[in-house]
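Notes follow the structure.
The values are calculated or read from the model by the stated rules, or taken from the named source; none is laboratory data. Quantities reported herein were computed from a predicted structural model and do not represent experimental measurements. Cβ sites come from the backbone with ideal geometry, for glycine too, and all protein chains shown count toward neighbours.
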């Protein structure tokens, strides 16, 4: 798949269903998955060497109910930002970003959710496929894609980070705005998040095979 983070999971799902190897060619805006896979995000042509290298890795995938994600699913503030930005995407980009942030500043209430039956007060939940680095200079990066664990981050909650193979998030509203690998979606609750360890076969260029 030549594209960005929001497009990759669609093709990865098909590859997984057929037990076929998946190749990522970074051709999007941020290409977070390609970075965490070890690819040079500025060299999409170089990524094509994966087809001839026969260097294969097996990596984890996450599920939000049945929807596959490769990076993360966010709920709350960031998800609202993504939804508002998408709603105004036909306008000038700078204006769309300012308008989205202005809307967020007016809606800073806690999500009103439970995690595995426990009420949690937070404005943001991030469910990540493998752990994210939380310190500079590697903030937001993943050093592993085959840990076999989800990491749930909920700033302001106690605990603020949970690690497990499965989480259930529920909301009284019956649905939550979400950003799945950066793409807007609405998830019906309760939603079950789970990890499928080493489920996806990925071909990479020789330098990234480790």
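Of all the listed residues (79, 34), the sole one being modelled with pLDDT under 95, out of contact with any helix residue (DSSP H, G or I) (no Cβ under 7 Å at 6 or more places or on another chain) and either assigned to a helix (DSSP H, G or I) or under 21 Å from residue 144 (Cα atoms) (or both) is 79. Can residue 201 be described as more than 25 Å from residue 22 (Cα to Cα) and touching a residue at least 40 places away in the same chain (Cβ under 8 Å)? Considered against the rule, which asks whether it is more than 25 Å from residue 22 (Cα to Cα) and touching a residue at least 40 places away in the same chain (Cβ under 8 Å), residue 201 comes out as no.
If you check residue 159 against the conditions, is it surrounded by fewer than 13 Cβ atoms within 10 Å (Cβ to Cβ) and in contact (Cβ under 8 Å) with a residue 40 or more places away in the chain? Taking the combined requirement at face value, the residue does not satisfy it.
Residue check: is residue 57 farther than 12 Å from residue 181 by Cα, touching a strand residue (DSSP E or B) at 6+ places or on another chain (Cβ under 9 Å) and either part of a helix (DSSP H, G or I) or modelled with pLDDT of 95 or more (or both)? Against the criterion (farther than 12 Å from residue 181 by Cα, touching a strand residue (DSSP E or B) at 6+ places or on another chain (Cβ under 9 Å) and either part of a helix (DSSP H, G or I) or modelled with pLDDT of 95 or more (or both)), residue 57 qualifies.
Taking the numbered list (1) in contact (Cβ under 8 Å) with a residue 40 or more places away in the chain; (2) out of contact with any helix residue (DSSP H, G or I) (no Cβ under 7 Å at 6 or more places or on another chain); (3) over 19 Å from residue 5 (Cβ atoms) in turn, residue 125 passes all entries but (3).
Working only within the stretch 171-184, note down all residues that are surrounded by fewer than 18 Cβ atoms within 10 Å (Cβ to Cβ) and in contact (Cβ under 8 Å) with a residue 24 or more places away in the chain. Across the stretch 171-184, the qualifying residues are 171, 172, 173, 183. The test for being modelled with pLDDT of 95 or more and touching a helix residue (DSSP H, G or I) at 6+ places or on another chain (Cβ under 8 Å) does not hold for residue 16. Only one of the numbered conditions (1) exposed (fewer than 13 other Cβ atoms within 10 Å of the Cβ); (2) at pLDDT 95 or above; (3) more than 18 Å from the chain's Cα centre (by Cα) is violated by residue 166, and that is (3).
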